[in-house]
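A short reminder: the numbers here are calculations on the coordinates, not readings from a lab. Source: prediction; values computed, not measured. Cβ sites come from the backbone with ideal geometry, for glycine too, and all protein chains shown count toward neighbours.
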Amino acid sequence: MSRNRSLGAVAALSLSALALTACSAPAADASPDAAETEAASLTLYTSEPQEKIDELIAAFTEQHPEIDVEVFRAGTGDLTARIAAEEKAGDIGADLLLAADAPTFEDYAERDLLLEYESPEAASIQQDLIDPEHFYVGTRLLPTVIAINTNTIADAPTSWNDLTDPAYAGKIAMPNPDVSGAAAYNAAVWLDEPKLGLSWLEGLAANRPLIAESNGPVSQAVAEGSSPVGIVVDSLVRDLAAAGSPIEAVYPEEGVPFVSQPVGIFADTEQPEAAKLLVDFLISKQGQEIAVAQSYLPIRDDVQSPEGAPEISDIVLLNPELEKIRATQAAAVETFNSLFQ
């Protein structure tokens, strides 16, 4: 199958409006009626923080008590390694995957590992987050930003290039792309961006950033001040700021890379109807309201952004070609690792 196309021109989020597209799913793809769904058990692999996925699943099972969902949570890198081992053994242990980046799902779709499903809820979300062949769909927007500790940093950086200033030497934390899917994706996007590229990454590496295992430890390091500057997804900054931490997000002027936390159903699931209901829920208005309450940017225009978050139309989003990022991401991670050892 041909999978060549642009990465969700979410940035074409000229997003002055998250377009509602009037289209309906084919009858064969229609969401199963909950009343017709028999008792089922699903296994979900996800990189979502445990407390957040627990909240989502609790709301889903309240709506669908006939469906039991078991969650296996790990970083995207660990999840993809697990799936690769299970694929080789001939038995993927999950019914669904909810994790960081579209390139991973593109790879699985090319290998016929995903089930085609067009959710009826997809008509109401940002259309650039939907795989045109309906093997996966984005569930929220996760831009990567610069976070600062406001007790320590008086003159906040305004651009990615600012972080190469020797004044930030030993003060920056960022996630490990071998563990974080968003971080691996970011490495490829930064290297692809003309305003940044290899020279910028080399300049950043010269400031000896702390490489933490994932976005969570990065945000905590900024909040406590051990690393007063961080490169991290914006939702974690809002979480900590709401809890009273002296932390603030800066959206760099060159633009921000973002992922959409797609969800997809594995083709060999034994519970396709129940799995479809979970996909529907994640992108439904109720599911998106929960996402916003968890500090994420929503993908529906009938759901308001979190309090204090910028309008999506006010964020410059880096939007490279998906195929190019897929082709270069592994090499980008190798480059990152060689520079940041």
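Structure above, values below:
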quantity	calculated
In range of the label at Glu321: residues from region 189-224 whose backbone nitrogen is under 15 Å from the point 7 Å along Cα→Cβ	189, 192-194
Cα-based convex hull volume of region 190-341 per residue, rounded to whole Å³	158
Overall form of region 216-262 per C-alpha gyration tensor (a/c, 1.5; a/b vs b/c)	prolate
Degrees separating the helix 76-89 axis from the principal Cα axis of the chain, which is the longest one	40
Candidates Ile299, Ile172, Ile153: whichever shows maximal mean-square fluctuation once the chain is modelled as a Gaussian network with Cα springs under 10 Å	Ile153
Cα-based shape type of region 151-236, given that a ≥ b ≥ c are square roots of the gyration tensor eigenvalues and the cut on a/c is 1.5	oblate
Flagged links, alpha-carbon separation over 27 Å, of Lys171/Lys195; Lys52/Lys285; Lys52/Lys195; Lys52/Lys88	Lys52/Lys195; Lys52/Lys88
Label assignment, Rg/Rh (Cα atoms, Kirkwood Rh) derived from the structure, set (i) 1.03; (ii) 0.96; (iii) 1.24	(ii)
Descending Cα extents along the principal axes, region 44-141, whole Å	35, 28, 25
Rounded to 10°, Cα long-axis angle of helix 181-192 versus longest principal axis of the chain	60
GNM top mover of Val189, Val256, Val69 - the chain, alpha-carbon springs below 10 Å	Val69
